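For reference, the structure discussed in these notes is given below.
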Amino acid sequence: MPVPAAGSVLAPNYHPLDVVLTTGDGSWVTDVHGTRYLDCLAGYSALNFGHRHPALVAAAKAQLDALTLTSRAFDHDLLEPFARAVTELTGTEMLLPMNTGAEAVETAVKAARKWGYDVKGVAPGQATIVVAEGAFHGRTTTIVSMSTDPETRDGFGPYTPGFRVVPYGDAEAVAAAIDETTVAVLIEPVQGESGVIIPPTGYLPRLRELCDDADVLLVLDEIQSGLGRTGTTLAQDLAAVRADLTALGKALGGGILPVSAVVGRRDVLGVLTPGTHGSTFGGNPLACAVGLAVVDLLRPGDLQARARELGGLLTDRVDALVAEGLLAGARTVGLWAGLDVEPALGLNGRRTCELLAARGVLAKDTHGSTIRLAPALTISEPDLALALDTLTDVLREAAR
Ligand SMILES: Cc1ncc(COP(=O)(O)O)c(C=O)c1O
């Protein structure tokens, strides 16, 4: 259990690496001592466009001089354009804006339950949602109720009922868990926090089929996987599947402010009528200005193509580390990798990240011996190569 720094008045619910950052520019950040680091976590994909992308900063600055908040009591001139831009980008029909990722997931859960009662005809109070082992959807009390991670869940009961947990990647387990009370299957198309776990080919199309057959909503949490990370606009694009509801967050705010949303079917989001759901800050003018600029960056598809291209380099390099016996396993999709450090090296994920930081590369461990690489999609090829060279050096040194 990490001990808070002596004299700190910060609640100890995080155990960050020992760096204190002051500035960021693209893929690089600088600490209070003037040391520069290559950021290979990119705010868990909230910084898909790097730190302070000029177009995003310009959009935010311009909006600061115009209007920042109305609440939803009054509309503003960017709300409808933002909703239109995101729905067009994602091939969906309607958008409900929120702020954090957890709020977007809560929104999807509420919409699915209400659709279940109002449209599907599930008996009052009986709705169930099928979720996956190892999932991470956020930190609210309802969301930790569907978690199987003891650290995330334990100590926060009583838990919200109505969730059925099945193994991730096993479509037939989902089929077995669906009955007449089931309103939704809620899944990450790639499990991020679990260590970039990629389901078997055919998993999402099969879930789509099962949901269609049983009149159940397919709800995909793309808060971490979405908006270019996987080399496509959404991870679900890789499987040519369209969810009924998709939760977006993180990169939607361009690394500037929290912006999240649920996009999806008009007849599903349409069940949330005035008074049934809301947020003071959701869809605020500043959020919409930045969100519109984010869509402008993604619309041409160049960044997605770049993630695919650099992802090829990433895959080749980490596969070579597996072949060399330095990694016990590696999973990559787009510009996103989960790397399992070979236990024989005597390094856990945390120690690996500390050694990387000492050499100027910031990454984050997850679940013991796994580290996650998710650099900005704008990272240069030499910088990506530098990060992988540094990782190789750290692992080779431990192997000696
Ligand atoms: C897949 C997924 N869903 C939801 C969340 C929660 O987002 P937030 O921390 O903005 O509430 C996260 C955050 O890591 C996530 O990765």
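The values are calculated or read from the model by the stated rules, or taken from the named source; none is laboratory data. Since the structure is predicted, the reported quantities are computational estimates derived from the model, not experimental observations. Cβ placement follows ideal geometry from the backbone for every residue including glycine, while neighbour counts extend to all protein chains displayed. For the accessible areas, the whole protein counts, side chains as well, though only heavy atoms, and no ligand, DNA or RNA atoms are used. Shrake-Rupley method; radii C 1.70, N 1.55, O 1.52, S 1.80 Å.
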- What does the convex hull of the Cα atoms come to per residue for the range 54-298, in Å³? 121
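Evaluate the charge dipole of the range 54-298 about its Cα centre and quote only its size in Debye, nearest 20, assuming +1 on the Cβ of each Lys and Arg and -1 on the Cβ of each Asp and Glu. The partial results should precede the final answer.
Working: 17 positive and 29 negative charges, 84 e Å.
With only Lys, Arg, Asp and Glu charged at Cβ, the dipole is about 400 debye.
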- Query: Picking from Ala176, Thr68, Leu238, whose Cα lies most toward the positive end of the charge dipole for the range 54-298 (charges on Cβ: Lys, Arg +1; Asp, Glu -1)?
  - Reply: Thr68
- Could you provide, to the nearest whole Å², the per residue accessible area of the chain with probe 1.4 Å? 43
- Query: Quick one: Karplus J couplings for the range 278-283, per residue in order, coefficients 6.51, -1.76, 1.60, θ = phi - 60°, nearest Hz, x for Gly and Pro?
  - Reply: x, 6, 4, 9, x, x
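Antiparallel as a % of all DSSP beta bridges within the chain, to the nearest 5? Numbers along the way, then the final one.
On the way: 30 of 46 bridges.
Approximately 65 percent, going by the DSSP bridge assignments.
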- Item | Nonlocal amide H pairs with Ala132, under 5 Å, H built at 1.01 Å | Val166
- Message: Just to be sure I understand: with springs between alpha-carbon atoms less than 10 Å apart, which residue in Pro205, Pro189, Pro16 has the highest mean-square fluctuation in the Gaussian network model of the chain?
- Response: Pro16
- Cut-off 14 Å (backbone N to label point 7 Å along Cα→Cβ of Glu397), residues of the range 334-354: 347, 351-354
- Message: Can you give me the % of accessible surface on the chain that is carbon or sulfur? Probe 1.4 Å, all protein chains present, nothing else counted.
- Response: 55
- Protein chains only, probe 1.4 Å: how do Tyr168, Tyr37, Tyr44 rank by accessible area, largest first? Tyr44, Tyr168, Tyr37
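For Met146, Met94, give the ranking by accessible area with the largest first, probe 1.4 Å. Numbers along the way, then the final one.
Values: Met146 5, Met94 55 Å².
Largest accessible area first, the residues go Met94, Met146.
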- Distance histogram in 10 Å bins (all Cα pairs of the range 261-317, percent per bin): 17, 28, 29, 18, 7, 0
